[in-house]
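I have placed the structure first, in the form of structure tokens, so that the comments after it can refer back to it.
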Amino acid sequence: MKKLWPALALTLSCTALMPAEAQATAWEAKTMRAPLSAREVERPLILGKGWLELSLEAQVKSTNQYWGPEGEKLEWDYAEWLYTKETLRVRYGILRRGDLTWELPVHYLRLQNENLGTDTKGMYWGDPRFSFTFEPLRTDVPLTSIVTKAEMKVPMGNESPGSYIAGPSTFQRFITTSGTPDLTLSARGKRQIGIFAVEAGVGYMYRFSGLAQYLLETTNNQLNGRLKPGNQIQLDAAGMVQLGPVALQGGLWLKRWGTVEAGTTSGGLLPNGNLEPIVGSEGWGWGADINAIGHVTRGIDVVAGAYIPVRGEDLMFFPIEDLHPTRGTTFTGRLEFRF
């Protein structure tokens, strides 16, 4: 019997040091990641803290149509324009009420003209974007989410159309950037109503000036000219309905493009003193945006959508889509992975 006492004492000591069941449950409930709803209609406008989201997106627009100077819809007789944008996007919930986003696009472009027998195509880098989204207000059940966002576009796309030798007909490269940075400040809100939700947003894009390789200055022999794209006002509103694992979203958008200015660089701290407006480079447009979001799992979504312009204008910078959005429906497909 005396030999059993040491073994019994050791057993009781180990039992006392083991965590109780309630303590284990409390420990398991702690996590750095915020909760994420399996339904899009219940998700806030930011990614929860601790979540990492990787997405691959492809956009395709094939058109033989263009906008007239007064917004009329016109068609080319022999030409066809193919515009694609493939984007890698990384999003991380760095704060309880804030996330960071970085995206890097690549473009494949093609312009064919049967009448002239030309077929120009190529693949180029686009302009990366960096943004921070902050959520000052959120309520749950039902969801209300209001966010503010600051986004910076950095010019990295192709600026040169190629050699000027033998005239413009020798150009063999497409321009995929304005050549200037943009800063966009916006606000957005979302409100859930059962299986429905409504969203609305407003934004203002300030476009800085800069030297552009595709703009030649021939008066004062400064080679590259300075370009100041017009600032942009953005408005949109949308509705959503959740049908099981699929959310359907549709809305309208409105954009107003300001006047583009060009010229030579002026001396002093403000380089825009010599810039002059380009008549007819301003305009406005509106259209529809529809999306279907399928939830494969909580961490995987599949998105299909269409961006449909109803009205636009000839902004005089075709085929630079960054300055001159062409007429035609853009179809989108996206895969989202969250960890």
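The values are calculated or read from the model by the stated rules, or taken from the named source; none is laboratory data. Model, not experiment: these values are computed from the prediction. Cβ: placed from backbone, ideal geometry, glycine included. Neighbour counts: every protein chain shown.
Put simply, of Gly179, Gly122, Gly162 the only residue that is over 24 Å from the mean Cα position of the chain (by Cα), over 29 Å from Ile46 (Cβ atoms) and not charged (D, E, K, R) is Gly162. Count of segment 32-57 residues, restricted to those that are buried (at least 17 other Cβ atoms within 10 Å of the Cβ), of a type outside the set (Ser, Thr, Tyr) and either touching a Phe, Trp or Tyr at 6+ places or on another chain (Cβ under 6 Å) or in a strand (DSSP E or B) (or both), is 2. The residue that is surrounded by the fewest Cβ atoms within 10 Å (Cβ to Cβ), among those in segment 132-149 that are among the polar types (S, T, N, Q) and over 16 Å from the mean Cα position of the chain (by Cα), is Thr139.
All told, Leu269 falls short of being surrounded by 14 or more Cβ atoms within 10 Å (Cβ to Cβ) and out of contact with any Lys or Arg (no Cβ under 7 Å at 6 or more places or on another chain).
Tally the residues that are farther than 14 Å from Glu53 by Cβ, buried (at least 16 other Cβ atoms within 10 Å of the Cβ) and modelled with pLDDT of 95 or more, restricting the search to segment 72-94.
5
Of all residues in segment 112-131, those being crowded, with 16+ Cβ neighbours inside 10 Å and at pLDDT 95 or above number 6.
Kindly indicate whether any position in segment 208-224 is in a strand (DSSP E or B) and modelled with pLDDT of 95 or more. No, every residue in segment 208-224 fails to be in a strand (DSSP E or B) and modelled with pLDDT of 95 or more. Considering (1) out of contact with any helix residue (DSSP H, G or I) (no Cβ under 9 Å at 6 or more places or on another chain); (2) touching a residue at least 24 places away in the same chain (Cβ under 8 Å), the lone condition that Leu270 does not fulfil carries the number (2). Taken together, Gly287, Gly210 contain a single residue that is surrounded by 15 or more Cβ atoms within 10 Å (Cβ to Cβ) and farther than 23 Å from Gly189 by Cα, which is Gly210.
Tell me, please, whether a residue that is touching a Leu at 6+ places or on another chain (Cβ under 9 Å), assigned to a loop (DSSP other than H, G, I, E, B) and either within 30 Å of Thr120 (Cα to Cα) or of a type in the set (Gly, Ala, Ser) (or both) can be found in segment 179-202.
Step one: list which residues in segment 179-202 are touching a Leu at 6+ places or on another chain (Cβ under 9 Å), which gives 179-180, 188-192, 195, 197, 199-202.
The next check asks that each one be assigned to a loop (DSSP other than H, G, I, E, B); those that pass are 179-180, 195.
Filter once more, keeping what is either within 30 Å of Thr120 (Cα to Cα) or of a type in the set (Gly, Ala, Ser) (or both): 179-180.
Yes: segment 179-202 contains one or more residues that are touching a Leu at 6+ places or on another chain (Cβ under 9 Å), assigned to a loop (DSSP other than H, G, I, E, B) and either within 30 Å of Thr120 (Cα to Cα) or of a type in the set (Gly, Ala, Ser) (or both).
For segment 229-238, the condition of being in contact (Cβ under 8 Å) with a residue 40 or more places away in the chain, under 20 Å from the mean Cα position of the chain (by Cα) and in a loop (DSSP other than H, G, I, E, B) holds for at least one residue. With respect to the conditions (1) over 22 Å from Tyr92 (Cβ atoms); (2) charged (D, E, K, R); (3) assigned to a strand (DSSP E or B), Glu151 falls short on a single one, namely (1). Among the residues of segment 109-159, those that are under 21 Å from Ala58 (Cβ atoms) and aliphatic (A, V, I, L, M) comprise Leu109, Leu111, Met123, Met156.
The set of residues in segment 240-261 being surrounded by 15 or more Cβ atoms within 10 Å (Cβ to Cβ) and of a type in the set (Gly, Ala, Ser) consists of Ala247, Gly250, Gly251, Gly258.
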